[in-house]
1. Once label points are set 7 Å from the Cα along Cα→Cβ at both B:A355 and B:L215, what is their separation, rounded to one decimal in nm?
2. If you look at just the Cα atoms of the stretch A:1-151, how large are its Rg and its Dmax in Å?
3. B:L199: net charge of surrounding residues, Cβ under 10 Å, Lys/Arg +1, Asp/Glu -1, itself excluded?
4. What is the extension gain from B:R939 to B:L563, computed as 0.36 nm multiplied by their sequence separation minus the C-alpha to C-alpha distance, in nm to one decimal?
5. Leaving out ligands, DNA and RNA, and with a 1.4 Å probe, what % of the accessible surface on the protein assembly as shown is carbon or sulfur?
6. Taking amide H atoms as placed 1.01 Å from N in the peptide plane, list the residues 5 or more away in sequence, or in a different chain, whose amide H sits under 5 Å from that of B:A734.
7. State, in angstrom, two size descriptors of the stretch B:872-978 derived from its alpha carbons: Rg to one decimal place and Dmax to the nearest whole number.
8. Which ³J(HN,Hα) values in Hz, rounded to whole numbers, follow from the phi angles of the stretch B:629-640 under the Karplus curve 6.51 cos²θ - 1.76 cosθ + 1.60, where θ = phi - 60° and Gly and Pro get x?
Amino acid sequence: MAEPLHIQEQDDLAIAMVMARKGVDAATLGARLGFSPPTTPHLVDGPSGVRLIGVGPGAWLALAHDPPAGWAAFLADALAGVAAVSDQSSAYVVLRLSGPGAQDLMQSGVSIDLHPDSFPPGAAAITAIAHIGVTLWKLDDAPTFEVAVFRSFAAAFRAWIAAASAHA
Amino acid sequence: MNRLATGGLVERDKPLRFSFDGRAMTGLTGDTLASALVANGVALVGRSFKYHRPRGLLTAGPEEPNGLVTLGQGAAAEPNTRATVVPLCEGLTATSQNRWPNLRLDVLAVNQLAAPLLGAGFYYKTFMWPSKAWEKLYEPAIRRAAGLGALSGQPDPDAYDRGHAFCDLLVIGGGPCGLAAALAGARAGLRVILADGDLRLGGGLLSERRRVDGLAGADWAEQAVAELAGLKAKVLTRTTVFGVYDGSEYGALEELTSGGARQRLWKIVARRCVLASGAIERPLVFTGNDRPGVMMAGAVQTYLNRFAAVAGRRVTVATSTDSGWSVALDLLAAGVEVAAVVEARAAAPSAAAQAARAAGVQVLTSAHVTKARGAQLSGVEVAQAGGAVQRVACDVLAMSGGWSPAIGLGANLGARPAWSDAIQGFLIQSPPPGLAAAGAAAGRFDLAEALRDGDQAGRAAIEGLGLRAPDTPAPSAEPQDSAVASPWRTPQKAAKAFIDFQHDVTVADVDLATREGFVSVEHLKRYTTLGMATDQGKTSQLNGHAALAAATGKAIAEVGTILSRPPWLPVAIGAFAGHHRGRHFRPERRTASHDWAAAQGARFVDAGQWKRAQWFARPGESDWLTTVNREVTATRAGVGVCDVSTLGKIEVFGPDAGALLDRLYINTFSTLAVGKVRYGVMLREDGFVLDDGSVTRFGEDHFYVTTTTLNAAKVMQHIDFARQVLWPELDVQACSATEQWATYAVAGPNARALIQRVSLDIDLANAAFPPQAAAKVRWLGAPGRLVRMSFSGELAYEISVPARLGEAFVRALFEAGQGLGVTPYGTEALGVMRIEKGHPAGAELNGRTTAHDLGLGKMMSTKKDFIGRVMAGRPGLTDPDRPRLVGLKALAPNDRLRAGSHLLTLGAEARTENDQGYVTSAAWSPMLGASIALALLRRGPERYGEHIRLHDPVRGPEVLAEACAPTFFDPAGERVRG
Amino acid sequence: MRIPCPFCGDRDASEFVYRGDAAPVRPQTDEGFFDYVYLRDNPAGPMREHWHHAQGCRNWLVVTRDTRDHTIHGVVLAREASR
């Protein structure tokens, strides 16, 4: 790859799926959490190091770096009655890709427009790369992307990265 | 050498060595392979498809029908490459095709003598009978004789890349019109992509001696490209847009010269598109018009002006267009002798004719070339209005029969082009949304018009997107006449007058097809194969339609033209496959302990995308059956561990979760106690079984569902459909947890002892943790899930730990199990044990079985509604005569039962109407010491004890078996309670 | 083909799984199941269809698509579609 690209696995991330109960809106969840969850495919960082990414209507991925043990259960308790929480910390391998090469690599893989005007920092998407389901979000204009793939696909996804970045 | 001393866009100080048919030659940087061949005086480049007639280059562009060569050698050889689009590079090797033993002496040229037999529809007529001769005789002979280049037969060594792009404006074609459109768009701030198949942008400007905005055409193009780059437009050279798809998606293929991949397949989504693909010159049709030396006038001009390569020493120009005259004048200006200009129209353009006459060129009006003379062109016969025929000596005939706008892409989505009298060609009538043709592709052939039109198309795109176009002026050029006569009319009785050069279709073929009733353009195409070669009739389509019109006495407008489908140019399958070939054909899924299993000698088997351990061979075990028997025996005698992480796992939450599960399963889950697991069966709404699995209740509003490996995605989708579409009023949340947990089945008499050794911090005594118990546990501080359930019929548990810890956990299990005889087992042993227990699995859950068929009918609740309930009660699905699940046990100890065998009663003839059912799964049971099977047998449960014949005509002799209850081993189920 | 998902935005059709006509409604009684399961209209023109955004937000959608030229006139979440 002509452009610099750095890849780093984020192996200290705890991840949970948060699903609002029927009829419960984002504001109600926000009141419990202390910050408003996004209602579109974007990420919002909360005060306590919790990041919420909108992955569907009434559905979020919650992320936290190196949280205390039992974090997902704690989150479930905090949201009892307003949302269901499923610990998914092991379900994903999250890779951080940064540098100008990350833009080319990601765009060669996804069939959504990653131009900064269409996909600014904070934007997120659930889509597919090389037939592998991914959830990706953009942190900054470097650009830095984080890509979550299901753990069983991690080797196949790394093989795609190797192939795609060899050609560019 | 046929190279001019000056001029052209070639670099004379950068020569390149290449070879053609083993002959060493030299070209220049800037050449295509075709122009280098012209410059080297090579006139003969290939043999034709059917008749093996000698052929030379006809064109200088991507529409080339004749100049197909094989590039490179061995596995990397690329057959059927158009020499006209290959940039020359150092060391290039090209080989001619479809000839044996060599190009000049081709044995199969005798096919020409058999031409009357190889006419239109010969494929359908000649080889009808006897049918047996087809495979052995006709097809191999035809395949050898007819054809283009040969594939290497070896795996493609090249890599293919993939790209996605999004833009406001896609401009297809980098000629003057496309450049003007792209400039307008980019100056207004649009995100622009300009794609052109050529290495160098400029299109016709590189071929003609015209000026734009006071600059030489090629210089203006270079300046335009530089400006586009400065405006951040994406300029893709050597990139051919090959298809227009629904939703403003465009497919394009980029030829790569560096970076390791051969090509990149682009999927481009464009809000607006300007089709500036130019026009393709039409050949004239006369006897011998395929002789080497007969070329398109525009091609002669391109070789001359762009490549400084002269195709011959004495040229005749035959034209029905004004553009043909500019070719004659360019040749004269370069000092090439022009013998005559044969003008089909009554009046020649006066200024050009005057200049030609002044240079000593014979000008013939109302005149047609009727015959090309010489195997290698030595002259032409010209007929004038009065009927007088004269011969003109020449070694090149430059012909121009008018221009067809290159609108194929515009018709990709089904819009039929319409005839235009004004331009004597077909134009796009109702283009796909967002696409507009401009310039020559819209019938505006003159440069000045095309520039203006491109600029306007760019502005229309800007305004269509709600923006304001800037006030910059359109690029301009001196206007020139671009009149065209009506297309060629069929000469009477013209023999060997070719319409489709690549597929060897002649006027006589079109006439024959017409006489035989193939009078629609689509039928004509299929019957004669006109336009069906790799060039898709780019030079031949309109002449074919004109011939059909003449033969049927209709106007071309009435005859119409064919639809055009992608791809516009041939695209290698490898480009579509990209990364997805070999072991990356589809993404592979690995479980958490995959590497550990591999280290234990696992052989893996595909289960959907998953790799599952099939068995774990030990040193000295050469036979898989030995291995599987050992795994079964060790599990039933001690304890075995099987990775079942691939099972689908779904979390279902919410106050109405139980209510939803009751509607999804035939049995009831709302009454399941917290801390219990239960087997369940789901039907499709048509009453057949969809899937089976377990449901565990971990909380009042928290259930945990498992599915079979192969149906995981389908069941997740089914649950989402039920809660989002069927019953959105229910308060239920669901998500997949398949990837969160690594799950291991621990089975066998020592299972409890083993699990107690890995400190799950739970009392496993029968009283505390009986069959069907479930609990959340902790392992090394991490959350885990434990359920007591059995697929093998043994005392068994399924333990889930976070997938991150899967490998560590399995290592801990095996460390703890030393002394307990712990053995890993794979899917084969799993299969043997479930057949011994009569549990249905994939082969039985085949989409055609009901719960009743599988002996699970009693599970169907009558107290509630559930998906499939009503349709499962249909007479056809409750017919007692249906095949139902039974066990089969081989009568003779050495007989092997095979899955797929059909069942027959003793003495019945092996005929469909006597079919009693079939074997779904079979295995060698080490516990019984016999071959056993599960089968679907008519009225099966009523026939225990009956002897049945297993009929398997493909694989072996008939085998006798006894029908029995499907539970072969431990029918009382004592062991699971151990 | 591109399908504008109400949550995710404009997406490649390959992310979606097609189910079919969105018109049939599951009967409340035992009558009408044959029609519900098997009978389908095959209109030439706009048709309301169920699609699942399987490789996106996992929502079932009602897509109004013209069967003649694949023009998509509208997409809503199935759970919010008026039925």
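1. It is 2.4 nm.
2. Values for the stretch A:1-151 (Cα only, Rg and Dmax): 15.5, 51 Å.
3. Local net charge: -1.
4. Length gained between B:R939 and B:L563: 129.8 nm.
5. Its accessible area is 53 percent carbon and sulfur atoms.
6. Those qualifying (amide H under 5 Å, at least 5 residues apart or on another chain) are B:F653.
7. 14.5, 48
8. 4, 5, 5, 5, 4, 5, 5, 6, 9, x, 7, x
The values are calculated or read from the model by the stated rules, or taken from the named source; none is laboratory data. The structure displayed is predicted, hence computed values, not measured ones. Here the Cβ is made from the backbone with ideal geometry for all residues, glycine too, and neighbour counts use every protein chain on show. In case anyone asks, the SASA skips ligands and DNA or RNA and just uses the protein heavy atoms, side chains included. Shrake-Rupley method; radii C 1.70, N 1.55, O 1.52, S 1.80 Å.
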